[in-house]
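Trainee: Supplied in structure tokens, the structure appears directly below.
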Amino acid sequence: MIALPPLMSEDVIRTRVEQLAGRINTDYANVSELVLVGVLTGSFIFLSDLARLLTVPHRVEFIAVSSYGSRESEDPESVRLLMDVRRSLEGEHVVLVEDIVDTGKTLAYLMRLLEARRPDSIKTCSLLHKPGRTEQEVDIDYLGFTISDSWVVGYGLDYAEKYRTLPYIAELPVEYR
Ligand code: IMP
């Protein structure tokens with residue numbers, strides 16, 4: 001692994017996560033319980049920081065879908081469910097938490113899947129968004145940062161399982177991919 005300069009420092013990320021948590025705390029102030037559904041694996045660090053800043057009652061669930069690597073051998077357009085949430089989402093207030101929205105296919109797939117579970121409400125939260133790569137439009141209710149079309153790592157995001165625990169976000173130069 002090589003040393004990468006930060007694109008977003010720990011301080012910058014922290015400030016933005018605090019702002020997002022503040023908005024969620026305001027928006028769900030009157031709700032008895034919020035369900036955060038984190039999309040594995042990339043969202044686990046973002047979700048843990050965000051959840052610990054919430055003052056509204058909440059529980060945490062995880063869901064896992066196929067990654068690019070495992071998609072290539074099958075239908076390259078499809079997203080596959082690898083692990084479902086443990087409890088029913090019927091009548092719940094759900095916030096789906098992603099690390100990054102790239103083409104939008106994963107989030108669009110998960111929204112269709114979870115909306116069919118009849119939650120009372122469902123919103124989306126993503127730390128990062130690459131609008132230049134959009135193939136499926138999805139609303140991101142709580143967005144951290146918009147970035148250009150490059151591969152980013154750190155703060156949960158990986159490249160072939162590497163760099164996930166880098167404490168900041170960095171661009172991985174093309175020559176290292
Ligand atoms: P989408 O379905 O194309 O929006 O892809 C979303 C998923 O692709 C994310 O949840 C990540 O797992 C992965 N991904 C897309 N871009 C990046 C990146 O720049 N770094 C790390 N993972 C990425």
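Trainee: Go through Lys162, Lys105 for me and flag whichever is without any contact (Cβ under 8 Å) to a residue 40 or more places away in the chain and over 27 Å from Asn25 (Cβ atoms).
Mentor: Details: Lys162 fails: without any contact (Cβ under 8 Å) to a residue 40 or more places away in the chain.
Exactly one of Lys162, Lys105 is without any contact (Cβ under 8 Å) to a residue 40 or more places away in the chain and over 27 Å from Asn25 (Cβ atoms), namely Lys105.
Trainee: When you scan region 133-153, do you find a residue that is within 10 Å of the ligand (Cβ to nearest atom) and at positive phi, even just one?
Mentor: Looking for residues that are within 10 Å of the ligand (Cβ to nearest atom) and at positive phi, one finds none in region 133-153, hence no.
Trainee: For the structure I just gave you, tell me whether Val60 is out of contact with any Leu (no Cβ under 6 Å at 6 or more places or on another chain), modelled with pLDDT of 95 or more and not small (Gly, Ala, Ser). Break it down into steps so the answer makes sense when it comes.
Mentor: Values: out of contact with any Leu (no Cβ under 6 Å at 6 or more places or on another chain): no; modelled with pLDDT of 95 or more: yes; not small (Gly, Ala, Ser): yes.
No: the conditions fail for Val60.
The values are calculated or read from the model by the stated rules, or taken from the named source; none is laboratory data. Remember, it's a predicted structure, so these values are computed and weren't measured experimentally. So basically every Cβ, Gly included, is an ideal-geometry build from the backbone, and we count neighbours across all protein chains shown.
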